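The structure appears right after this line, and notes come after that.
Here, each number is a calculation from the coordinates, and none is a lab measurement. Bear in mind that the values here come from a model prediction, so they are computed numbers and not experimental data. All Cβ positions, glycine included, derive from the backbone under ideal geometry; neighbour counts span all protein chains shown.
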């Protein structure tokens, strides 16, 4: 790919990979591609929208194999960390890269006690602002809700929540496999389940039924439904209930289709 781009007169400067996509929790081979990018001097950015938060748990940190090659990393805290939408933290290996482009010092942002706040641009200092590490200004202050969750729930509480989400997803997977009515589109990964052969009609029927709500997706032309467990209030009973509703509505669809196929 790099040779082809250069042969076409292009200059490869950034390589974006995924670690745990939203639809299927898919992973790019960071451990294999990272060294190549490092050797070629190419910036590596990681989109870990769904799976990134699971690296809070030591047993799931293997999904981040190769992070030493990463220059920037982004994930959605609102998906699994009990933080309301929207909240997408981003990390830089070297924060000065962000500072060079986000730094803003207009006169209307000056105030008398500006030197009393920490300057995170420098390793050892007692001065300046966080404003230079983001594009916030008039935008909402998302960092505050992360602070509240960390203070209220804590790392241990978030780890417990993430592990419980995985256990509940495993339980839903067991229900699917034992029944035999459905097929897993991809193997269960972390707290995400996807079922194949569940067409658009099932999705519409479930929406009309209004007892549960699933989100659809499509990969390589295959339409499937996703069951994602992220609420701290979800229980095994909730998962069992959701499955019973899915099965009930599916059987109704199958029954209707058989009636249509029956000759008069």
Q. What's the center-to-center distance, using Cα atoms, between the stretch 38-71 and the stretch 231-253 in Å?
A. 33 Å
**Q.** Extended-chain gain in nm, criterion 0.36 nm per residue less alpha-carbon gap, residue 241 and residue 101
**A.** 45.4 nm
Q.
Multiplying the sequence separation of residue 139 and residue 173 by 0.36 nm and subtracting their Cα-Cα distance, what value in nm do you get?
A. 8.2 nm
Q: Measure off 7 Å from each Cα along the Cα-to-Cβ vector at residue 201 and residue 2, then give the distance between these two points in nanometres to one decimal.
A: 5.1 nm
(Q) Pairs of alpha-carbon atoms within less than 8 angstrom and 6+ residues apart define the contacts here; what relative contact order does the stretch 1-75 have, in percent? (A) 33 percent
Q: With a Förster radius of 41 Å, plug the Cβ-Cβ distance of residue 156 and residue 38 into 1/(1 + (r/R0)^6) and report the FRET value to the nearest 0.05.
A: 0.75
Q) By average Cβ neighbour count within 10 Å, what is the ranking of 68-76, 163-171 from highest down? A) 68-76, 163-171
Q. How many nm separate the modelled label positions at residue 184 and residue 85, each set 7 Å beyond the Cα in the direction of the Cβ?
A. 2.8 nm
Q) Between residue 65 and residue 13, what FRET efficiency follows from the Cβ-Cβ distance if R0 is 25 Å, with the result rounded to 0.05? A) 0.55
Q. Ordered by packing density, taken as the mean number of other Cβ atoms within 10 Å over each peptide's residues, highest first, how do 52-60, 220-228 rank?
A. 52-60, 220-228
